[in-house]
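Student: Quick one: structure below, then a few questions.
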Amino acid sequence: MKLLSQLKTSTFQLALLYMVVFATSVFLLLAFIYWRTAGFMTAQTDETIEAEIAGLAEQYRGRGINGLITIIRERVARDPNAKSIYLFTTDDYLKLAGNISTWPEEAQTQSGWINFTLDDSVGWSGPERLARARVFEVQGGLRLLVGRDVDDLTTLKRLIETAINWGMGITLALALLGGFMMSRSTTRRIEVINNTSRKIMNGHLSLRIPTRGTQDDFDQLAENLNQMLDRIVYLMEGIRHVSDSIAHDLRTPLTRLRNQLENTLMSVDNDEAREQAGRAVAEADQLLATFNALLRIARLETRGNAADMKQVSLGLLVGDACELYEALAEDKHQQFRQEVEQQVMIEGDRDLLFQMVSNLIDNAIKYTPEGGEIRVVVKVEGREAVFEVSDSGIGIPDSEKDQVFQRFYRVGKSRSLPGNGLGLSLVSAVAEIHQGRIVLSDNHPGEENPGLTVQIRLPEYRGDTKRIKATSVKALPAETGDDEASTPAHSVTP
């Protein structure tokens, strides 16, 4: 799989393109060399045959047919290796002189240059070889064939062709290996940048892309990205510091103002003034809650891994939170379901985890209409402990699921409901401290109010504790106008 992914990289594809261009250039060069070498050797052979023909023609003009026959026989006798091929016949193919006895099949149908095989079919007594010859007619209807044994030349051509084929194969193999090595080296450096970038995107803003000190293109890219990250972190810290400072500085005067309003509320006798003072106290409480949430998130983000990590039963913790919030669900006549493995163990800060769980359950109750359904699940999947809260409320659009963890961000449908947009920011900060992941999805996809399923996936603490599956269902009746009793809760422990 890793090799396949490397073959898909642009670096390897560029190296492959270079290999094709390089191999094509080498092939054209070798083809040109072969063409010139083979052409030169063939031309040299043809010139040798032409020289012999010229010598025989001169003998024929000076000594006639008998002299031509004599000189052919002398040349055959002086050439025991039969490098030169001769055949002189009458017009009815009767042999007069030569070292073969029969015309090659090609020579019977055409004149000029021919290539044929020296074997039994032409009266050749030696091993089978290749020959090249020229055929023409002599005055009086006589026929003459003059040629050369070109078997060595053909063998040499085959050797050159084999060398070219091997050379091309080696060239392609080396080019492919070089492209793979170059792609692998480049991919490693790119992967370092990608891995660091992914960690930074997951919240580790203190990380920086490492450099090799070579000042090459990758080092320059890494330095530019690091400078950009430094600038982004500086700006983010500035904004965060401003908001945290405002929250810290205003919390004390707001507390005083709230206490003064409460004293006023207790001292006035006028009902209208008391109502106004009560609303002012409620608004002050909301502002204080917002500032406290901001300061809490700031402390969590700066606390990092310094949290008080201990072995915690996630199931028992969630059970305690559910017991606390069941009354709120009952007030809204909501069906509150629990599917909790009581002894799912994790390592974490119990107070922070309880705050995270409480925020999610509180949100589910707040955004689920009366008569709706809320389900709380604790289970184990693989090596992860999973805490899940599902509701049948208004849900969050897919386009906004990545934005709801930002401070003060609120989904459009929920702006009319009380809140400050800091709950999920706090959940995100706690999950990050515990190396957890948050997954948001629709509870009822496709419906007008799809609801929301929030899943917190945390590393499970691997111990020897036995898991106990506990399921409880709290079904609360809808309003009927009378004091109908609630259906009693029941639990099943298999």
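Student: Under a 5 Å amide H to amide H cut-off, with H placed in plane at 1.01 Å, what residues pair with residue 343 once short-range neighbours are removed?
Tutor: 468
Student: For the range 337-357 and the range 112-188, what is the centre-to-centre distance using only Cα atoms, to the nearest Å?
Tutor: 82 Å
Student: So for each of 390-400, 278-288, 260-270 I average, over its residues, the number of other beta carbons within 10 Å; can you give me the resulting order with the highest mean first? List each step's numbers first, then the result.
Tutor: On the way: 390-400: 19.4, 278-288: 15.2, 260-270: 12.9.
Taking the mean over residues of other Cβ atoms within 10 Å, the ranking is 390-400, 278-288, 260-270.
Student: So who's got an amide H within less than 5 Å of the one on residue 372, skipping anything under 5 residues away but keeping other chains? H placed 1.01 Å off N, in plane.
Tutor: When sequence neighbours closer than 5 places are left aside, the close amide H contacts are 335.
Student: Another one. So, counting K/R as plus one and D/E as minus one, what does the shell of residues with Cβ under 12 Å around residue 127 add up to?
Tutor: Details: positive: 129; negative: 119, 120, 128, 149, 151.
Here the count lands on -4.
Student: For the range 344-355, in order, what is each residue's ³J(HN,Hα) by Karplus, 6.51 cos²θ - 1.76 cosθ + 1.60 with θ = phi - 60°, in whole Hz (x at glycine and Pro)?
Tutor: 6, 9, 9, 10, x, 8, 4, 5, 5, 5, 5, 5
Student: Continuing with the same structure: Cross-link list 83/157; 332/401; 199/401; 199/366: which exceed 24 angstrom alpha carbon to alpha carbon?
Tutor: Cα-Cα > 24 Å for 332/401; 199/366; rest within.
Student: Among residues other than residue 138 whose Cβ falls under 12 Å from its Cβ, what is the net charge (Lys/Arg +1, Asp/Glu -1)?
Tutor: Every neighbour counted, the sum reads 0.
Student: Tell me the carbon and sulfur percent of the accessible area for the range 84-154, rounded to whole percent, probe radius 1.4 Å.
Tutor: 42 percent
Student: In what sequence, highest mean first, do 119-132, 443-456, 313-326 appear when ranked by Cβ atoms within 10 angstrom? Walk me through the intermediate numbers first.
Tutor: On the way: 119-132: 14.9, 443-456: 17.4, 313-326: 19.9.
Most protected by this proxy first, the peptides run 313-326, 443-456, 119-132.
Student: Residue by residue through the range 427-432, what is 3J(HN,Hα) from phi via Karplus (6.51 cos²θ - 1.76 cosθ + 1.60, θ = phi - 60°)? Round to whole Hz and write x for glycine and proline.
Tutor: Calculated HN-Hα couplings, in order: 4, 4, 5, 5, 4, 5 Hz.
Student: Measure off 7 Å from each Cα along the Cα-to-Cβ vector at residue 159 and residue 13, then give the distance between these two points in nanometres to one decimal.
Tutor: Here the modelled spin labels are 4.5 nm apart.
Student: Can you work out the accessible area per residue across the range 89-189, with the rest of the protein chains kept in place, probe 1.4 Å, in square angstrom? Working shown, then result.
Tutor: Numbers: 5660 Å² over 101 residues.
Counting only protein heavy atoms, the per-residue value for the range 89-189 is 56 Å².
The values are calculated or read from the model by the stated rules, or taken from the named source; none is laboratory data. Just so we're clear, the structure is a prediction, and the values are computed from it rather than from any experiment. Cβ: placed from backbone, ideal geometry, glycine included. Neighbour counts: every protein chain shown. Protein only, heavy atoms only, side chains kept; ligands, DNA and RNA dropped before computing areas. Shrake-Rupley method; radii C 1.70, N 1.55, O 1.52, S 1.80 Å.
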